[in-house]
Amino acid sequence: MSEKYIPKSKFAQWFDSRLPLLSLSHHLKEYPTPKNLNYWWTFGGILTFCLITQIVTGVILGMHYVAHTDHAFESIEHIMRDVNYGWLMRYVHANGASMFFLAVYIHIFRGLFYGSYKAPREVIWIIGVIIYLLMMATAFMGYVLPWGQMSFWGATVITNLFSAIPLVGESITTWLWGGYSVDNPTLTRFYALHYLLPFLIFGLIILHIWALHVPGNNNPTGIDVKKNTNETMPFHPYMVMKDITALLVFIIIFFWFVFFAPNALGHPDNYIEANPLVTPTHIVPEWYLLPFYAILRAIPSKLGGVIFMFAAIFVLVLLPWLDTSKVRSSVFRPIYRKFFWVLVGTVILLGYLGAKPPEGIYLVLSRIATAYYFIHFLVLLPLLGRYEKTDPLPISISDPVLNKPGFVDKFKKAAAQYEGDNVGSFK
Amino acid sequence: MRGIMLVLLNRLIITIFISIFSISSFAEEMNTNYLKTKWSFKGVFGTFDRASLQRGYQVYQEVCAGCHSVQHLSYRNLSEKGGPEFSVEEAKAIAAQFEVEDGPNSDGEMFMRPGRLSDKFVKPYPNVEASTAANGGAYPPDMSVLAKARAGGADYIYSLLLGYEEAPEGFELDEGVYYNKYMPGNKIKMSAPLMDGIVEYADGTEATTAQMSKDVTAFLVWAAEPHLEAQHRMGFKAIIYLFVLLTLVYMSKQKVWSRFGSKEEPEEETFDRAERVVTKYEGEDPKTFK
């Protein structure tokens with residue numbers, strides 16, 4: 001890694017000096033990773049697997065799917081019944097989307113917990129937020145394609161949001177629809193975009209990893225590692241083996257859904273063909289969009305709801321500057337750590353409320369949860385950065401205090417006693 | 001660190017469970033204690049009961065098919081593996097009972113011919129509008145994926161078929177609307193379709209309402225998911241395979257990682273160093289550090 005890589009054979013040298021693919025693969029293989037990465041760090045690899053699975057199954061489904069309002073629903077049944085292993089492709093694709101989001105939520109919350117968004121990793125984080133946004137758009141449009149009741153009405157509700165924009169709102173909605181309601185032109189453009197966006201995501205993932213390889217991985221202690229010491233291990237075979245182990249566990253859960261509960265995460269109404277004349281009793285998006293749906297409906301004005309919904313995602317872009325604490329990992333931030341779990345609870349609560357009708361206690365709760373969500377990022381994080389008393393940091397990730405349970409506590413107590421309130425670092 | 005990791009893991013597992021519960025509670029929002037019966041197709045090893053599917057087809061054909069279509073099934077499906085598994089001859093005979101419009105022929109005319117295995121199930125009405133008009137303004141839903149299109153699935157359909165009752169005192173019902181315990185809103189435009197003995201089973205099973213409800217529900221579940229048995233079989237094999245692979249991969253991972261670990265200091269030294277660090281802060285008094 002540190003010294004320049006030179007391929008062995010003459011031909012390889014000739015090729016590598018023209019297109020350094022061998023150097024790249026050498027870099028990927030030798031890329032130094034902190035030895036203390038835990039299993040929460042395996043979700044990056046898992047997410048790459050998810051994207052590839054979605055693309056492969058999606059391309060096969062695309063060979064049999066018909067993007068037309070008269071045939072879409074029927075073509076899905078054709079895939080399920082008559083295409084060889086079509087049922088498998090479709091169930092993997094549909095549940096794959098859910099698993100993709102499950103993994104991405106774990107990945108995001110891991111970043112939040114260990115402060116992976118902080119300098120020098122802000123760009124990685126922001127690219128990640130854009131990927132997440134594109135994922136939501138892709139998943140939403142994919143859910144429209146089967147042309148079931150939830151497809152149609154979900155599309156109607158979400159595209160209608162743009163009509164809240166003053167002056168140009170109506171025109172934008174008409175432009176999105178390609179007409180005056182959700183209809184065939186809407187379906188065909190959603191299909192085209194649903195096919196396109198995953199490849200944009202793929203490109204952004206390359207940038208995401210590239211940006212990661214500049215500063216290197218964060219780690220559970222949040223302390224910078226010294227590269228090429230015994231604090232890091234080469235990506236291959238160490239992290240590769242660990243990633244594959246975690247991936248297999250993930251696939252087992254994934255396959256359990258695919259084979260034994262393939263429709264558990266979907267809505268039964270989507271097996272009813274779209275009917276513009278019949279509105280379902282409750283229009284709900286897929287589970288992974290529910291927290292944002294709850295925020296949308298918590299705000300009494302339509303435009304306000306749209307603004308807050310998008311702000312809920314945009315606030316993540318600002319996160320590296322909202323959290324002013326110098327300490328990355330919440331392992332050493334006793335107060336932030338508590339608020340982190342409150343945030344996790346709030347997001348899950350919002351998800352639950354998104355599935356409920358916006359009335360009575362549900363509405364009250366979703367307003368409180370929405371307010372808390374923003375307070376967490378806009379008020380609590382800046383304040384914590386200033387006033388939180390963080391625990392002393394170990395000298396390095398191989399500091400022996402980290403290896404013995406109970407040592408950390410003793411260490412903290414001793415430090416507090418001798419260094420008084422100025423405890424910041426143990427160096 | 002390890003202690004913290006375990007706490008984190010526990011919390012995450014708990015939160016995931018809570019969220020799964022909230023999802024499933026939402027999915028079964030309408031669940032009003034459906035009637036329970038034992039379904040052979042449920043569970044990891046679930047398979048269909050052939051005889052029950054064949055009887056279910058008979059109930060469908062003699063009772064439901066007058067109003068309800070199953071437009072995504074083909075007659076050939078009846079003889080395919082994992083379904084009712086009628087013999088090919090039986091399935092051909094079934095198909096031939098129906099008249100199918102074909103054409104245009106060389107004169108440009110549409111003509112009627114007997115059904116073949118490759119034909120889709122013949123619909124009772126040419127289109128949704130005709131079907132709605134003929135049924136007092138309520139469209140009898142196509143039943144191809146009905147078992148997947150209703151919260152509660154098989155249990156819901158089974159309960160609905162057995163859920164007809166006298167409307168409670170003071171419950172307003174319009175002309176042509178019936179009371180059903182399990183229908184959301186309790187109002188249904190379909191009159192009770194089954195009564196004891198309405199079908200004479202070819203295999204001699206007694207055609208009670210409960211028996212017919214069970215058979216036709218099983219038939220509808222198969223119609224909605226014709227590859228269910230293949231799915232269960234493949235799922236079982238895949239997951240066993242993955243567990244074996246996971247064990248091997250985990251062992252290899254441990255072995256690979258031990259190569260790295262061996263370069264580290266032995267346990268004793270780690271302890272000594274830790275003690276030195278703590279001593280720095282606690283002074284020379286060794287009593288406090290055990």
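The values are calculated or read from the model by the stated rules, or taken from the named source; none is laboratory data. Small disclaimer: the values here were computed from a predicted structure and weren't measured. The accessibility values were calculated without ligands, DNA or RNA, using every heavy atom of the protein model including side chains. Shrake-Rupley method; radii C 1.70, N 1.55, O 1.52, S 1.80 Å.
Max-minus-min Cα coordinates of the range A:172-288 on each principal axis give 67, 38, 23 Å, with the largest extent listed first.
Sequence-ordered 3J(HN,Hα) estimates for the range B:243-249 from the Karplus curve with 6.51, -1.76 and 1.60 and θ = phi - 60° stand at 5, 5, 4, 4, 4, 4, 5 Hz, glycine and proline given as x.
Between residue B:237 and residue B:174, full extension at 0.36 nm per residue minus the direct alpha carbon distance yields a gain of 17.4 nm. Once the 1.4 Å probe is applied to the protein heavy atoms, the protein assembly as shown comes out at 49 Å² accessible per residue.
Per 20 Å bin, what is the whole-percent P(r) computed from every C-alpha pair distance within chain A? All Cα pairs, binned at 20 Å, distribute as 22, 51, 25, 2 percent.
Here the convex hull built on the C-alpha positions of the range A:113-226 has a volume of 134 cubic angstrom per residue.
Taking all protein chains as they are arranged and a probe of 1.4 Å, the heavy atoms of residue A:81 leave approximately 20 Å² accessible to solvent. Mean residue ellipticity at 222 nm, helices only, the protein assembly as shown: -18000 deg cm²/dmol; runs of at least 4 DSSP H residues each add -39,500 (n - 2.57), and the sum is divided by the number of residues.
Every Cα-Cα pair in the range A:35-194 was counted, and those over 24 Å apart are 46% of them.
Residues A:202, A:190, ordered by accessible area of protein heavy atoms at a 1.4 angstrom probe radius and largest first, appear as A:202, A:190. Over the range B:141-267, the hull volume per residue, using the convex hull of the C-alpha atoms, is 233 Å³.
Summing both sides, the accessible surface hidden between A and B at a 1.4 Å probe radius is close to 6200 Å².
Distance check, please: which entries in B:123/B:214; A:302/B:187; A:356/A:389 exceed 28 angstrom between their Cα atoms? Check vs 28 Å cut-off fails for A:302/B:187; A:356/A:389. The listed residues B:86, A:259, once ranked by accessible area (1.4 Å probe) with the largest placed first, stand as B:86, A:259.
Rounded to the nearest whole Hz, the Karplus-based 3J(HN,Hα) values (6.51 cos²θ - 1.76 cosθ + 1.60, θ = phi - 60°) of the range A:203-215 follow the sequence x, 5, 5, 4, 5, 4, 6, 4, 4, 5, 6, 6, x, with x at glycine and proline. Here the protein assembly as shown yields Rg over Rh of 1.04, to two decimals, using C-alpha coordinates and the Kirkwood radius. Surface composition of the protein assembly as shown: carbon plus sulfur atoms hold 64% of the accessible area, using a 1.4 angstrom probe and ignoring ligands, DNA and RNA. In units of the compact-protein estimate 2.2 N^0.38 Å, the range A:224-359 shows a Cα radius of gyration of 1.49.
Estimated at the nearest 10 Å², the accessible area of residue B:178 is 90 Å² with a 1.4 Å probe.
Taking amide H as placed 1.01 Å from N in the peptide plane, the amide H of residue A:33 sits under 5 Å from that of A:233, A:235, each at least 5 places away or on another chain.
A full extension of the chain between residue B:151 and residue B:244 corresponds to an added length of 29.9 nm, given 0.36 nm per residue minus the alpha carbon distance.
Using heavy-atom solvent-accessible surface (probe 1.4 Å) with all chains present, what is the largest-first order of A:364, B:100? Intermediate values should be presented prior to the final figure.
Numbers: A:364 80, B:100 20 Å².
Highest to lowest solvent-accessible surface, that is A:364, B:100.
From the alpha carbon gyration tensor of the range B:64-172, can you work out the equivalent ellipsoid semi-axes (sqrt of 5 times each eigenvalue) and give them in Å, largest to smallest? Walk me through the numbers on the way to the answer.
Values: eigenvalues 212, 86, 23 Å².
The answer is 33, 21, 11 Å, longest axis first.
Hey, what D do you get for the range A:21-113 in µm²/s if you plug the Kirkwood alpha-carbon radius into Stokes-Einstein at 25 °C and 0.890 mPa s? Please report the intermediate quantities before stating the final value.
On the way: Rh = 15.9 Å.
D, rounded to a whole number, is 155 µm²/s.
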